[in-house]
Ligand code: SF4
């Protein structure tokens, strides 16, 4: 576990199984990767934005110290569920320093994860609040908050290096949930780039559609729990939870 909450014993899971050598090695590599990510300054526009936002916070966050750096992924190398989001929010992850933390999108995700046994609690408000994914790993197509939540193509390409490494290190993943079309496309593109097969013709994004990929991983597409989607009713709580219920069913089946 790289970020967020009290650090559990390395590799500990609810079964109490002791971590293997391979697990400790993979977790060590993930921690090294996340440490490198946090220092990344590859995208000048995003570096400027994440820092500018921190200098001029809205009234509700005035006086808070913003993270204002790339926001690392969250979870353990042993996870079987991989969640790929779009990017940290300017006043969410970019403020708190933990992915999907400190805004309504984070709370939507935490509630859905917790409802199906993938998180310790149904809220994700700040680092150290006790929220922790269980058997799940949360990453994003890009790790710095983009202006208007719209990353440039070149920025997504820059940040793909981290998802590449994660796909290689997360060896136990059986189900992938992508949040929004950008994350869906980024995940499929990254699979191709690391040599994992993608069906031809490729899957087409639709909410709660699922595809069994050639390596046995099931991909589930979901709308992103952004305010734009949740406040317009495009994504209801029921629709969102149906995605995680499906993931739980898949992971419960032999
Ligand atoms: S978006 Fe990714 S590649 Fe670009 S600066 Fe942030 S961490 Fe680095």
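The values are calculated or read from the model by the stated rules, or taken from the named source; none is laboratory data. None of the values given here were measured: they were computed from a predicted structure. Every residue, glycine among them, receives a Cβ derived from its backbone with ideal geometry; neighbour counts consider all protein chains shown.
In the range 132-185, the qualifying residues are those that are part of a strand (DSSP E or B) and within 18 Å of residue 92 (Cβ to Cβ), and the one that is nearest to the ligand (Cβ to nearest atom) is 140. Filtering the range 189-212 to residues that are in contact (Cβ under 8 Å) with a residue 24 or more places away in the chain, part of a helix (DSSP H, G or I) and either more than 19 Å from residue 26 (Cβ to Cβ) or away from the ligand (no atom under 16 Å from the Cβ) (or both) leaves 189, 191, 193. Residue count for the range 218-231 satisfying the condition of being surrounded by 17 or more Cβ atoms within 10 Å (Cβ to Cβ) and assigned to a loop (DSSP other than H, G, I, E, B): 4. Scanning the range 244-254 for residues that are in contact (Cβ under 8 Å) with a residue 40 or more places away in the chain and out of contact with any helix residue (DSSP H, G or I) (no Cβ under 6 Å at 6 or more places or on another chain), we see that the one that is farthest from residue 168 (Cα to Cα) is 245.
For the range 39-56, the criterion of a residue being in contact with a helix residue (DSSP H, G or I) (Cβ under 8 Å, 6 or more places away or on another chain), crowded, with 23+ Cβ neighbours inside 10 Å and part of a helix (DSSP H, G or I) is satisfied by at least one position. Of the residues 81, 46, 33, 74, the single one that is more than 16 Å from the ligand (Cβ to nearest atom) and within 23 Å of residue 187 (Cβ to Cβ) is 81. Each residue in the range 219-243 was checked for being touching a residue at least 12 places away in the same chain (Cβ under 8 Å) and within 15 Å of residue 105 (Cα to Cα), and 12 of them qualify.
Only residues that are crowded, with 23+ Cβ neighbours inside 10 Å, over 13 Å from the mean Cα position of the chain (by Cα) and outside any loop (DSSP other than H, G, I, E, B) were counted in the range 73-107, giving 3.
Checked across the range 12-25, the condition of being within 23 Å of residue 128 (Cβ to Cβ), more than 11 Å from the ligand (Cβ to nearest atom) and either touching a strand residue (DSSP E or B) at 6+ places or on another chain (Cβ under 7 Å) or modelled with pLDDT of 90 or more (or both) holds for no residue.
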